[in-house]
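The values are calculated or read from the model by the stated rules, or taken from the named source; none is laboratory data. These figures come from a predicted structure and were not determined experimentally. When we count neighbours, we look across all protein chains shown, and the Cβ atoms used for this are built from the backbone with ideal geometry, even at glycine. Remember, those area values only see protein heavy atoms, side chains included, never the ligands or the DNA or RNA. Shrake-Rupley method; radii C 1.70, N 1.55, O 1.52, S 1.80 Å.
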Amino acid sequence: MRFGIAVFPGTWSERDCAHAVSLDGHEAVMLWHRDADLRGADCVILPGGFSYGDHLRCGAIARFAPLMDAVAEFAAGGGLVWGICNGFQILCEAHLLPGALLRNASLEFRCEPSWLRVETEASPFTAGCRRGDVLRIPVSHGEGRYVADPQTLLTLENEERVALRYVRADGGPVGEDSPNGSMRDIAGILSEGRNVLGMMPHPERACEPLLGGDDGMAMIRSVAASLDRAGAFIRAGENPRTPR
Amino acid sequence: MTVFTAEVVVTLRPVINDPQGLSVRAGLRLLGFDGVVSARVGKFIELVVEAEDEAAARAMVTRMCERLLCNPVIEDWRIDSLRALEAAT
């Protein structure tokens, strides 16, 4: 399959993403922010970095790039869009995902391993994992504190759209060890159609044992497998799981 | 056309936790300002715009706030001042 990887001025993780998907045998094409052209991608990745210098707010200016019109249209039609770190921030600014990402509670830039509990298998990004699996994937951000109003949080939980939650290495509640102080320890959320995922940690930086782990590869394989199944992803309604 | 200056203030909504503000408050207390109850950090944006009249300028700045300068999920905005600089020829 073909991954399209967005490149804005200031994006810094596009080569890592391309390398990671190539490890699983997939093609990667770069998508320039000025072109509203997804180049036939099966899945669009909005990678990490500091698009447009993160000026004003992270992702605030990137969301108006011509490429993002094509991404929004693709997502509206059910296309897979995967925002990682700065990509998550852009998706929130573009209203493709609810909520916002603010300065870490510690006020520090955190670049360290994090442990993520898979909270749902009913998504193309986590279908290959088991609910309750703990993935070791690094974070690298200064503004990853997820916030949303209480009603939005309730909806996300009820619809099982919190895909990943920060936990301790043993799977217990992360508590004070949260890298950013996100509400409900949220590390990644899904859109209503479950075809858009935003997450702060970097799975592409956890794809080789040499680099300290390959838990991120489980997510890339999930996406590929989801697309292989009749070229369509698992929609929320097609999954028998009862939301909590 | 007239040139106007507009001063826009963007603040975090009251319900949003502001660790930067808490840090500023702690710093002020460290300096002996025991009376400081709260500190919240926001943004100040000074704009120069050209418009037909003040109403048009205000409408334009309002659209700017709604579209880009403020994220309504987390922020509130207000126009603190809007005044004509000079009448262009």
Notebook entry, point to check: When the accessible area of chain A is split by element with a 1.4 Å probe, what percent falls to carbon and sulfur?
Noted result: 50
Next item on the list: Run the accessible area of the range B:2-87 with a 1.4 Å probe and give the carbon-and-sulfur part as a rounded percent.
Entry: 55
Item checked: Chain pair B, A: total accessible area buried, heavy atoms, 1.4 Å probe, Å² -> 1300
Margin query: Just to confirm my numbers, what's the Cα centroid distance between the range A:137-193 and the range A:59-86 in Å?
Written below: 21
Next item on the list: List the residues of the range A:89-109 whose accessible area drops by at least 50 Å² when all protein chains are present, compared with their chain alone, using a 1.4 Å probe and counting only protein heavy atoms.
Entry: A:Leu102, A:Leu107
Check: Where in the range B:13-30 does accessible area fall by at least 40 Å² between the isolated chain and the complete protein assembly, at a 1.4 Å probe radius?
Finding: B:Pro19, B:Gln20
Checklist line | Distance in nm between pseudo-label sites at A:Glu112 and A:Glu208 (7 Å out along the Cβ direction from Cα) | finding: 2.6
Notebook entry, point to check: Between B:Glu86 and B:Val48, how many nm apart are label points set 7 Å from Cα along the C-beta direction?
Noted result: 0.9
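Suppose R0 equals 35 Å; then what is the FRET efficiency for B:Ser38 and A:Arg184 from their Cβ-Cβ distance, rounded to the nearest 0.05? Please report the intermediate quantities before stating the final value.
Values: r = 25 Å, r/R0 = 0.72.
Efficiency, from the Cβ-Cβ distance: 0.85.
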Checklist line | Karplus (6.51, -1.76, 1.60) ³J(HN,Hα), θ = phi - 60°, over the range A:4-11, in Hz, Gly and Pro reported as x | finding: x, 10, 6, 10, 9, x, x, 5
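Per residue, how much accessible area does chain A have with a 1.4 Å probe, in Å²? Can you show the working numbers first?
On the way: 9590 Å² over 244 residues.
Each residue of chain A exposes 39 Å² on average to a 1.4 Å probe.
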Next item on the list: List the residues of the range B:61-83 whose accessible area drops by at least 30 Å² when all protein chains are present, compared with their chain alone, using a 1.4 Å probe and counting only protein heavy atoms.
Entry: B:Arg67, B:Leu68, B:Asn71, B:Val73, B:Ile74
